[in-house]
Structures are given as structure tokens and as C-alpha cells.
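For reference, the structure discussed in these notes is given below.
The values are calculated or read from the model by the stated rules, or taken from the named source; none is laboratory data. What you see is a predicted model, and the numbers here were worked out from it, not measured in a lab. So basically every Cβ, Gly included, is an ideal-geometry build from the backbone, and we count neighbours across all protein chains shown. Just so you know, the surface numbers come from the protein's heavy atoms only, side chains and all, with ligands and any DNA or RNA stripped out. Shrake-Rupley method; radii C 1.70, N 1.55, O 1.52, S 1.80 Å.
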Amino acid sequence: MLRELYDYRELLKTNVKKDIRGRYKASVLGVLWSFINPLLQVLVYAIVFPYLMKGAGDHYVVYLVTGIIPWTFFQTVVNQSTTCIKANSGIIKKVYFPRMILPLSAFFSGLINFFISCVIIIVFCLIFGMGVSWHLIFVPIIAVTEGLLGLAIGTICGAINAYIQDTEYIVNFLLLMAMYGAPIIYETSIFPDGSRIGALIQLNPMTHIMNAYRDVFMNHRIPDMGAVGIVFLLSFALFLVAVAVFNRMQKGFAEQF
């Protein structure tokens with residue numbers, strides 16, 4: 001598979017460019033929607049959430065931005081990987097190429113888009129007086145770990161979605177639930193020490209990813225690389241399983257459309 005992916009590397013590169021350029025091709029504002037969408041989400045939560053939970057800190061807007069933008073990246077990779085086989089059914093029936101290129105394209109285009117969106121986080125950190133530090137060098141490590149987890153989940157779901165096309169709707173629902181299972185729009189301090197909900201949230205891999213981003217952007221300290229490393233190993237192991245499942249199921253993709 002690695003040899004095939006290398007042989008078709010130009011197709012992978014072309015697909016990534018197509019994903020990035022084509023995402024907002026027909027819109028007037030174009031790539032600016034990459035900035036506008038998360039900003040609109042931040043605006044809604046910043047207005048509503050502090051009144052509901054009474055637990056927002058002094059820098060809650062920055063806290064929101066450092067949660068919503070990374071979550072949008074993860075959500076995008078999972079969603080696009082889930083639907084990529086169905087979305088490219090026409091070419092799958094006509095031309096042979098390594099099908100794994102499709103979820104990988106979602107991963108790389110999402111990663112590039114996320115790095116562009118990090119400009120928003122930095123701007124908010126500067127506006128609210130939090131500044132930036134050399135700890136930003138850890139962002140690519142955290143982002144690759146997060147993206148690999150999204151790619152692994154999306155690859156499995158994408159293979160299943162080719163056969164059972166209700167999968168993408170189930171994934172959308174589960175992602176909505178998962179968003180509230182990690183400290184993206186709330187702080188973990190709102191839960192009492194030793195509470196079951198707090199313990200469950202700590203078991204969520206995305207909790208450690210979000211904590212790592214906030215250590216880098218907000219706290220200006222080295223993130224817990226032990227926790228990030230564990231998430232990376234789990235993501236890599238899940239990705240190997242995803243590749244095995246994908247390879248086993250891809251033989252029948254063309255027959256499903």
C-alpha cells in the first residue's frame with residue numbers, strides 16, 4: 001500500500017489541492033469562510049454559554065477559540081473521510097488508484113486548513129493580551145496526533161459508509177455528542193473533584209488534545225507530552241486497524257454505487 005501511495009503521490013497532491021480550492025469555490029467570500037465559520041461559533045458560545053454555566057474564566061473567548069478551531073479540524077477530517085468514498089463513486093467505478101488516497105486527502109487538506117486557521121487563535125491571544133511564545137513549536141505535533149485520530153475513525157466509517165450510507169448521519173450525531181464529551185466550550189473545573197462525569201471526560205482522548213493546545217496558546221508552557229504521546233500511540237494503532245478494515249472492504253466499493 002505504501003508503495004502504491006508513493007507511486008500515486010501526484011494524484012494525492014492534486015486531490016489535496018482540489019479539496020482546499022474546491023471547498024468554497026462557488027461562494028463569494030471563498031477561503032474567508034475558513035475564518036468566518038469558527039468565529040461565528042465562538043460568537044454564539046461567548047454570548048450564551050457564560051450565562052448558562054456561570055463558570056467562564058477571564059479569558060473565556062480565547063478559551064473558546066482554542067477549543068472550537070481544533071475541534072472543527074477534527075470534525076472536518078472525520079466527516080470528509082467518512083463521505084469521501086461515496087463522494088468519489090464516479091471515478092472509483094472508472095479508474096483504478098489506491099482508494100486510501102481519498103481519506104488521506106481529507107487529512108492533509110484539513111491539516112493545512114487548520115494551520116491557516118491558527119492565525120485566528122494567535123490574533124485572539126494578542127488582542128486579549130495573552131501574547132504568544134516559543135511553545136507554538138508543539139502545535140504541529142499536537143495537530144498531527146489529532147488529525148491521525150480523526151483519519152483513523154473516518155477511514156473505518158468511510159469504508160462502512162460505502163455499504164451502509166446511513167453511517168454518515170450516525171457519525172454526525174456522534175460527533176455532536178463527542179463535542180460535549182471534551183472541554184471545548186466548558187472548563188473541567190465546573191465538575192467536582194472525583195465526580196464520575198469528570199473522570200469520563202478525562203478518558204476522552206480529545207480532552208488531552210484540547211489541554212495541550214491551551215497549554216501552548218494560553219498558558220505558554222510545554223504540554224503534557226506523555227498524554228499526547230499516549231493519544232498518538234492509540235491513534236496510530238487505530239489507524240493500522242482502519243487500514244486493514246479499509247483494504248478488506250475496498251474490493252466491493254465500485255459495486256455499491
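Ordering THR82, THR188 by accessible surface, largest first, gives THR188, THR82; the 1.4 Å probe counts only protein heavy atoms, with every chain in place. Summary value for the stretch 57-255: 33 percent relative contact order, contacts being C-alpha pairs under 8 angstrom separated by 6+ residues. When you count the other C-beta atoms within 10 angstrom of each residue and take the mean per peptide, 162-168, 95-101 line up highest first as 95-101, 162-168.
For the residues GLU146, GLU187, GLU4, a 1.4 Å probe over the protein chains yields an accessible-area ranking, largest first, of GLU4, GLU187, GLU146.
Ligands, DNA and RNA aside, LEU233 has an accessible area near 120 Å² when probed at 1.4 Å.
Restricting attention to the chain, lysine pairs at least eight places apart or on different chains and with alpha-carbon atoms under 22 angstrom apart total 15. Ordering 211-221, 119-129 by mean Cβ neighbour count within 10 Å, with the highest value first, yields 211-221, 119-129.
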